[in-house]
Structure formats: structure tokens, C-alpha cells
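Report on the following structure.
The values are calculated or read from the model by the stated rules, or taken from the named source; none is laboratory data. Keep in mind that what you see is a predicted model, and the values were worked out from it rather than measured. Please note: Cβ atoms are built from the backbone with ideal geometry, for glycine as well, and neighbour counts cover all protein chains shown.
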Amino acid sequence: MNTKRRIRCARTLVGALVGGVAAASAAVVTAAPAQADVLPYVPWSAYLAGWTDEYVPSSDNDCVAGRPSCLKATLKEQSRIADETAASCSHNAVFARAYVRMTQLYGHTRDIDGYYEDEPYFNHVDAVFARYYTDAYYAWKDGDRDEVPQVWLTAFDAAEDKRVSGTGDLLLGMNAHINRDLPYVMAAVGLVAPDGSSRKGDYDAVEEWLYEATAPLIAEFAQRFDPAMDDTQDPFGLGNWTLFQMVSGWRENAWRNAEALISAPTPAARALVEAQIEATANAAAQTILASQSYLPLVQSSAARDAHCAAHVDEDPTVPYAFGQATAYGYAY
């Protein structure tokens, strides 16, 4: 990593949101809620033939090889969920749209020469990471609860039951995807390059832009979904800097857990690591529920839901680093 990049990384290491996101580039594709499926849709399952979570650059499967076409499919799949949930003002729309925004921001940095040491590898990471979320969401939506990790059940159910604040919905999704999914993803895709060097540089490079994305993200969500999200600029009872220090710690712990999964000498030893990963994520979810749930008979999501109904179709007024965002669709 060159000196300039080290300085940039050190300055913004506090940022971390979803730690590994898919890609987007310049042209803007938009769709109103009723038109979310107008564009030809490439089903995620079309990429499953020959799918493996392991990174294989020579694979015929575009996702396994980390080719650009898979990145577009990844973003399209995320946007389908984000558009559908936003159109109905589902509380699941908060994390779904956050994932799309982080995807678009990844695309923005991906176009910066030298930002990532191995772009195809990280394209593959993004596809695998996204599939953990989309698989969990569609299994939950279809009622296949046995196929959904408990921490995702907690997040999706809390959203469906309108149990927590917008900040709570965001944090529950982040917790499930980082504390639970990310260790398995990184262990599967591999932590070491063929020459023996660590992949940690690209993993950490994501954090260089995530903190700076916080302000437009919270502004958009307060505008469209839950006005309380920016009441104090202090989600989860913490300042943004402190909050993202916490999430950055989640990502660092996810990497260490991936190392533990890989180095486990026996299936029994790996099972112990997996049990710890699940327990940590579930405990964090309960902490978020305790702090972010509406108080029964005192609070409800009524004001939030009315606000969403009136404003969800509005394009965000605060631009992101990739440019002006649209309420529906995505930039690629």
C-alpha cells in the first residue's frame, strides 16, 4: 500500500457500515415503485451454475471470477429488494436501501485507479456477501424460517412488526450482516492471495469512505423513511464517530473470526467458532432491541409511517460521493 493511501486510510479508518459491497458505475437507472421490474431482470439464480464461494479467476461463472457483469447483477438484486420494500414503506427498506447506497459508493471508489489491489477478487467478495443477505431475505419472505439465521430472523421480524426505530432497523441489519455473515464470507473467499500476501488491505480499504457516507445516508433516511433518524445526529445514543468506531470494531472482529474458522484444526473446533459467531451476533441484536424498541402503549411507528407515505418517493436532497441519488433504481 502506498504512502498516500496509508495516510488516507488512517484518517478515515473509523468508518465502516456494511464492509464489502457490490459495484456500480456512472449511468443512472431509475424506476418508480410500480415500474421496479420494467428493466430486464437477470435472476440471481442464473449465476448459480458453477457457483462457489471460493474465488476462482478462471471460472466460467462471472460471479466466481469477479467479472463486471456479476457486479451489475448483484446491485440489481439488491435494488429489487430496496425498491419493493420502499414502495410499501416496509421497515425493512432502511437496511435494504443502505446496502444499495454502499454498493453505489463501492462502484465510485472502484473506478479510482489503484484504490483496490485486486478488484476482481473484491468484486467476488461483494457478490458472495450480498447473496448471504438476499438468500436470508427471500427465505424469510417465503416463510422458510428454518433457512434463515436467527439474527436475521430478529432483524426481519422486528421490521415487519414495526418494533424498532429506523436507527434500530439499520443497526439490526448491520449487525446481522457484519457480525454474523461476514466471517463466513471471508473464510470462504480466502484471506490470502496466491502469492501468500494478505487480502486485509482491500478489506480495510472499504472503511476509507464509509464514515464519510454517513451524513448523506442519515439525511436521506430522515427525509424518506423516519424523520427521527437525524433528530440529534446521534444514532444509537452515540456520536457518529463513536458509532462507526464500534462498527469498525465489528469488522475487525469479523476478520479475526474468519481466521479462526480457517485455522480450526477439526470440525468440532470449527463448530465452536461458529457457535461463538452466532452467539455474539444474537447478543448484539438483543442489545439493539433493548435500546431501540418503541415503548409499548407510549410510542409507536405511526408518525414514521405517515412520514414515509408522504415522502418515500422523493429523490434524496443531499448528494453522495458518487453524485445525486434517486429514490428508486440505482446508478451503474
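Restricting to region 173-197, and then to whatever is in contact (Cβ under 8 Å) with a residue 12 or more places away in the chain and not in a helix (DSSP H, G or I), can you tell me which residue is surrounded by the most Cβ atoms within 10 Å (Cβ to Cβ)? Only one residue tops the list, namely Gly190. In region 287-309, the residue that is farthest from Pro149 (Cα to Cα) out of those that are of a type outside the set (Ser, Thr, Tyr) and surrounded by 13 or more Cβ atoms within 10 Å (Cβ to Cβ) is His307. Whether any residue in region 215-235 is among the hydroxyl-bearing types (Ser, Thr, Tyr) and either at pLDDT 80 or above or part of a helix (DSSP H, G or I) (or both) is what I want to check. No. Residues that are touching a His at 6+ places or on another chain (Cβ under 9 Å) and at pLDDT 90 or above were ranked within region 64-82; the one that is surrounded by the most Cβ atoms within 10 Å (Cβ to Cβ) is Gly66. Taken over region 33-63, the criterion of being at pLDDT below 85, buried (at least 19 other Cβ atoms within 10 Å of the Cβ) and either in contact with a His (Cβ under 8 Å, 6 or more places away or on another chain) or under 20 Å from Trp140 (Cα atoms) (or both) is satisfied by Trp44 alone. Counted as qualifying within region 61-172 are no helices (runs of 4 or more DSSP H), as none has 1 or more residues that are at positive phi.
Take the conditions (1) surrounded by 21 or more Cβ atoms within 10 Å (Cβ to Cβ); (2) more than 29 Å from Arg199 (Cα to Cα); Val125 misses just one of them, which is (2).
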